[in-house]
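For reference, the structure is listed below as structure tokens.
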Amino acid sequence: MSFLSKILQAFSRKPKIDAFHSEKPIFKYKLIHEFARHPKKAHKTDSGYDVTSCEHKIINAGDWKAVKTGVQVEIPFGWEIQIRPRSGLALNKGLTILNSPSTIDSAYRGEIILVIVNHGKYSYNVTPGDKLAQMVLCPVFDVDFVEVGDISTLTERGEKGFGSSGVNDQDLIPTKNEFNSRT
């Protein structure tokens, strides 16, 4: 079997995560408000489940508010929920999740509350049923941290951090002469 065949075979199998993670976990939730809506995916292939507001609120430009969803959760041990922004709201209205992605741990048993910030130019009127965020269910692994005397820096990146890969891929941009010779 060729190397490529082995790679393709490995990616075609369903992943076994570990002993704490079943292939299709059950997340329990309860609607605790009259205007609460079930978390749901817009499309079967989506990663995130839409979560909606169950209350009216005005979020002024430059301000942020806690917005209730009316959804109370019971997350299985070994999992977390990450609350993430919706790209359309971010692009079109300047709304996002302030502490994105926010983590909801498995021991939490309260209501999902969204911290929405308005980076836009205008106030945003939140109404019940507004899709304000998405929740993504993620496995959490219990690991052992080991303190050592030295950390290997024998990688291409090493200790280079903030901005180390640059801000523009100049190799992809044709020079004026290259551009003119193509036309």
message: Condition (residue is of a type in the set (Phe, Trp, Tyr) and within 18 Å of the chain's Cα centre (by Cα)) applied to region 43-56: is it met by at least one residue?
response: yes
field: Residues that are under 14 Å from LEU98 (Cβ atoms), out of contact with any Phe, Trp or Tyr (no Cβ under 7 Å at 6 or more places or on another chain) and part of a strand (DSSP E or B), drawn from region 58-76
entry: TRP64, LYS65, ALA66, VAL67
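Would you say PHE141 is in a loop (DSSP other than H, G, I, E, B), at pLDDT below 90, surrounded by fewer than 10 Cβ atoms within 10 Å (Cβ to Cβ) and not hydroxyl-bearing (Ser, Thr, Tyr)? Lay out the reasoning, then the answer.
On the way: in a loop (DSSP other than H, G, I, E, B): yes; at pLDDT below 90: yes; surrounded by fewer than 10 Cβ atoms within 10 Å (Cβ to Cβ): yes; not hydroxyl-bearing (Ser, Thr, Tyr): yes.
When the stated conditions are applied, PHE141 passes them.
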field: Positions within region 121-138 being surrounded by 14 or more Cβ atoms within 10 Å (Cβ to Cβ) and assigned to a strand (DSSP E or B), in sequence order
entry: TYR124, VAL126, LYS131, LEU132, ALA133, GLN134, MET135, VAL136, LEU137
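The values are calculated or read from the model by the stated rules, or taken from the named source; none is laboratory data. What you see is a predicted model; the values in this text were computed from it and never measured. So basically every Cβ, Gly included, is an ideal-geometry build from the backbone, and we count neighbours across all protein chains shown.
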